[in-house]
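Notes follow once the structure below has been shown.
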Amino acid sequence: MKIEHVALQVADPVALTAWYVAHLGLQVLRHFPQRNQTHFLGDDGATVLEVYHAPGIPVPDYDAQDPLVLHLAFVSTDPDADARRLIAAGAVLVEEVRPSDGSLLVMLRDPWGIPIQLCRRTTPLR
């Protein structure tokens, strides 16, 4: 089996989608505006993120959760520059981790509090 997608219940899927497309390089693969404003977002690989707002279902308080509970990790060739760019667009820096192997992991929160991590790993996961 392979993971098809990961889904997030968010307060404003339209605004979040616009920000992720503009600043994280994702593209809208499918959009279902009826009821939940469901958007399927993808990168140039096989990763798909679904964002929606289901009425009557609470939106998690992402900002109150430790980023290690849930975060979206993105490969970045220059996490420092990407972090500066994202902060200028409304993200907030949480922390930087510089493991001894030379990797760099920068944790941010998007404007809705969802943790996003920028990863430059010495040894890529794939």
Only bridges with both residues in the chain count here: give the DSSP antiparallel percent, nearest 5.
-> 70 percent
When DSSP beta bridges are limited to those with both residues in segment 61-126, what percentage is antiparallel, rounded to the nearest 5?
-> 75 percent
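Once you sort the root eigenvalues of the Cα gyration tensor of segment 1-50 as a ≥ b ≥ c, which label holds: rounded (a/c under 1.5), prolate (a/b larger than b/c) or oblate (the other case)? All intermediate terms of the calculation are to be shown ahead of the outcome.
Working: a/c = 1.93, a/b = 1.23, b/c = 1.57.
Since a/c reaches 1.5 but b/c is at least a/b, the shape of segment 1-50 is classed as oblate.
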Put a dot 7 Å past each Cα toward the Cβ at R35 and A81; how far apart are the dots in nm?
-> 4.5 nm
Say the dipole of the chain comes from +1 at the beta carbon of Lys and Arg and -1 at that of Asp and Glu; which of V69, P13, Q34 then lies farthest toward its positive end?
-> Q34
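In what sequence do S103, S76 fall when counting other Cβ within 10 Å, fewest first? If you can, show how the numbers build up before the last one.
Numbers: S103 15, S76 19.
So the residues, fewest neighbours to most, are S103, S76.
How much length is gained if the chain between V59 and Q27 is pulled fully straight, taking 0.36 nm per residue apart and subtracting their Cα-Cα distance, in nm to one decimal? Please report the intermediate quantities before stating the final value.
On the way: separation 32, 0.36 × 32 = 11.52 nm, distance 2.31 nm.
Full extension from V59 to Q27 adds 9.2 nm.
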Semi-axes of the equivalent ellipsoid for the chain, Cα gyration tensor, largest first, Å = 25, 16, 14
Least to most buried among T47, T123 (fewest other Cβ within 10 Å first) | T123, T47
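Contour minus end-to-end for L72 and R126, with contour as 0.36 nm per residue of separation and end-to-end as the Cα-Cα distance?
Numbers: separation 54, 0.36 × 54 = 19.44 nm, distance 1.63 nm.
Full extension of this stretch gives 17.8 nm more.
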Could you calculate the contour length gain from L93 to D44, that is, 0.36 nm times the residue separation minus the distance between their Cα atoms, to one decimal place in nm?
-> 15.1 nm
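At a 10 Å Cβ-Cβ cut-off, how would you order T17, T77, fewest neighbours first?
Values: T17 23, T77 8.
Going from least to most buried by this count: T77, T17.
Every number in this text was worked out from the coordinates using simple rules, so none of it is lab data. This one's a predicted model, so the numbers in the text were calculated from it and none came from an experiment. Neighbour counts run over all protein chains shown; Cβ positions are idealised from the backbone, glycine included.
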